[in-house]
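Below: one structure in structure tokens.
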Amino acid sequence: MTSWRPSNGLFLCWAALMVLLALTVTLAYQPLGFFNFVVALAIATAKAGLVMIIFMELGNRPGLVRAFAGAGFFWLMILLWLGLMDFVTRA
Amino acid sequence: MSEPGDIAAHLSSPKQRDEVLELGMWTFLSTEILLFGGLVMTYMVYHHADPVSFAEAGRQTRIVIGTINTAVLLTSSFCVAAAIQAGQAGAVRPLKGLLVVAIVLGLIFLGLKGVEYAGEYSDHLVPGVDFAQSGPHAQGIRLFFIFYFLATGLHAIHLLCGIVVLIVFLRCARQVVRRPRYLAGLRTAGLYWHFIDVVWIFLYALIYLPGRSG
């Protein structure tokens, strides 16, 4: 029982999340103009993906579970896409 | 395998019980995604309308506390995921230890958030209570901080609920060796905890990072 330790996958995931956090803070201070916002959201998406695939175990769950998990994000995409369409296409 | 009372009467097998728990939590999380998604959409609309004010407001947030809190929450997620692995291995002591660390990290997050709120109050950045900004961007900054307090407040309430849930699982952690239902429940609680983490990852990018390079 004393020999138990978390899997390497969990440690790697945590380390990757910390690296991405350091990266996003560093890049936020670089003058990239509009791309600062894009980069911040892209890194946030990568971090969220790691949490969902490794910590929430979606990487090895059956298709049914993934479908339930994906449904929420699918509807979120519809919300953001249709909701923002008007604003971002207006001059 | 499972004791009497380990499965509800309307379920036929432990496998079905575990599936119902997991799918039920994901269904609940879908509604949560849309709750926070609506807030994020309002942020996007106002950010698009007035990016300069939002950059100005983002610069006034406390990025050191925000970054520490992000690391704290990510680490707590690691602890919860590791606690589930410990539970699967039947290692009760590591399971308890990891849950304690996750709970403490959650409390540290809330404590730092309180420090942050106090700082914003003394900076007169709380719309509706004490907001004293002037200049051409005052209105945009006000909108940003309305979003800030709504989103982080809602997130903090979720985190508080998550902490209570983890305390319940900590108190009956010994059940992990004889009741498979415990582990299925803990995994469901873990999904909720990780979801709170995912929400914060996006809030961090939207609140603390804008305007830093300007």
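The values are calculated or read from the model by the stated rules, or taken from the named source; none is laboratory data. Predicted, not measured: the structure shown is a model, and the values here were computed from it. Areas reflect the complete protein model, heavy atoms only, side chains present, ligands, DNA and RNA absent. Shrake-Rupley method; radii C 1.70, N 1.55, O 1.52, S 1.80 Å.
Using a probe of 1.4 angstrom, how much of the accessible area of the range A:1-60 is carbon and sulfur, in percent?
76
Related question: Remind me, what semi-axes does the protein assembly as shown give for its equivalent ellipsoid, largest first in whole Å, using sqrt of 5 times each Cα gyration tensor eigenvalue?
37, 21, 18
In addition: I'd like the orientation of helix B:14-49 relative to chain B: the angle between its Cα long axis and the longest Cα principal axis, in ° from 0 to 90, rounded to 10.
0
Cα axis of helix B:180-207 to longest principal axis of chain B: angle in degrees, 0 to 90, nearest 10?
Approximately 10 degrees, to the nearest 10.
Between helix B:63-88 and chain B, what is the angle of the helix's C-alpha long axis to the longest principal axis, kept within 0 to 90° and rounded to the nearest 10?
With rounding to tens, the tilt is 10 degrees.
Please report, ordered by residue number, every helix of chain A (full DSSP H runs) that is 24 Å or longer along its axis going by C-alpha atoms and whose mean Kyte-Doolittle hydropathy reaches 1.0.
Both cut-offs are met by A:8-28, A:63-89.
Under the Kirkwood approximation applied to all pairs of distinct alpha-carbon atoms, what is the hydrodynamic radius of the range B:57-214 in Å?
This gives a value of 16.9 Å.
Now for a different question. Taking the alpha-carbon set of chain A, what are its Rg and Dmax in Å?
My reading of the Cα-based Rg and Dmax gives 17.6, 64 Å.
So what is the calculated 222 nm ellipticity per residue for chain B, using -39500 (n - 2.57) for each DSSP H run with n of 4 or more, over all residues, to the nearest 500 deg cm²/dmol?
About -27500 deg cm²/dmol.
Whole angstrom only: what separates the Cα centroid of the range B:102-150 from the Cα centroid of the range B:169-214?
Centre-to-centre (Cα) distance: 23 Å.
Work out which residues of the range B:63-91 lose at minimum 40 square angstrom of accessible surface when the other protein chains are put back, relative to the chain isolated, with a 1.4 angstrom probe, and list them by number.
So the qualifying set is B:Leu74, B:Phe78, B:Gln85.
Using the heavy atoms of the protein chains and a 1.4 angstrom probe, tell me the accessible area per residue for the protein assembly as shown in square angstrom.
Counting only protein heavy atoms, the per-residue value for the protein assembly as shown is 47 Å².
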